[in-house]
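The values are calculated or read from the model by the stated rules, or taken from the named source; none is laboratory data. Computed from a predicted structure; not experimentally measured. What goes into the accessible areas is simple: the full protein's heavy atoms, side chains included, and nothing from ligands, DNA or RNA. Shrake-Rupley method; radii C 1.70, N 1.55, O 1.52, S 1.80 Å.
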Amino acid sequence: MEPSRRNSCGPHSTSMAKKELYGVLGVEKSASEDEIKKAYRKLAMKYHPDRNPGDKSSEENFKEANAAYEILSDPKKRAAYDQHGHAGVDPQAAGAGGFAGGNFGDAFGDIFGEIFGGGRGRQQRADSPFRGSDLRYNLEITLEEAARGSTTKLRIPTTETCEVCHGTGAEKGHDPETCPTCKGAGAVRVSQGFFSVQQTCPQCRGAGKIVKHPCKACNGAGVNKKSKTLEVKIPPGVDTDDRIRLAGEGEAGTNGGPAGDLYVVVQLKPHAVFQRDAADLHCEMPISFSTAALGGELEIPTLEGKALLKIPSETQSGQVFRLKNKGIRPVRGSVTGDLFCHVQIETPVNLNSRQKELLREFEEIREKHAAKQSPKQKGFFDKLKDFFES
């Protein structure tokens, strides 16, 4: 880092020499490393110049916090400061046991990355093998397919390593060359104010190499877009959002890296009769007024075929009947769910004159015995009467 920058924000600046370092960060002398780091992080976020453009006071506070952290985050410098004060870390006192300044950029780099996402930590080489991206495929299946399991074929768009250049992107007889801008690192450092950040190299776009003679088969990309057909086995009991992993069927890796994976995500289509709830199934079952009153038997569908359900007399609307083990056995379970039938009494429509006559006669008779035959209705109207008379 340039001498002018170190003089502006180092621990030996004129303004910092007059301030107690623990006080600058707002911590006690006994503070732990984590407490010092946390305090510095808070101040750096508050006073960072990008958040306070043109504010000289914030810039000065930011520099002071940086300088204090440079010393207090280093165990040796902190010990020297605790014993001798600023004289113990003043570079001019290095001959008398002080520390010779150090590199502010190195002290700031690690935490800078945590706060602003541009740290100076180690980076993987640009020419290292990289794993290919994972792919996702949303597969819609029926409830019956989910319950019993099935096998289906998928046509997947993906990328594969170019067979001509074997992924290098270069024409046969030519090799990719080291990028002259980043010297193969894939990244460059750019100065921003009094510190610098690392950015992707604009020439090679992070690859670390450039291809002067691109492969004609892949136009220098090293990979080709293709489609492939895969056979997928769907296990019995899968549900919406369950994932089936096909290892190595994702996009091709780069620089000899492995391919990614393909995740087939299950989505159940709406069913005409059933609604699924984990291992259980639910359905609405309309029955006639006479069947509800007199009772009877109904033939209902299940995933295994038809079943007979006995309807007792005096069944009320909303009543639920359970058919044990007529649901679904989940893919990660050993117990089969149940089928729940929710009764809905259907009011008849398009009545002829004879039906209307019979219903009127029935209603006249029912009203004479309302207390016994319609206890809920009578109780409701009794409550209304008490409400209006109170």
Area of HIS166 that stays accessible when all protein chains are in place (1.4 Å probe, Å², to 10): 140 Å²
Filter on LYS63/LYS209; LYS172/LYS225; LYS153/LYS216; LYS233/LYS324 - keep pairs with C-alpha separation over 30 Å: LYS63/LYS209; LYS153/LYS216
Sulfur and carbon atoms: percent of accessible area, the range 257-368 [1.4 Å]: 51 percent
The range 174-296 shape via C-alpha gyration tensor axes, a/c threshold 1.5: prolate
Cross-link partners of LYS56 among lysines (Cα-Cα below 21 Å; sequence separation of 8 or more within a chain): LYS18, LYS19, LYS42, LYS46
Residue-normalised accessible area of the range 134-247, given per residue in Å² at a 1.4 Å probe: 61 Å²
List LEU246, LEU72, ordered by accessible area with a 1.4 Å probe, largest first: LEU246, LEU72
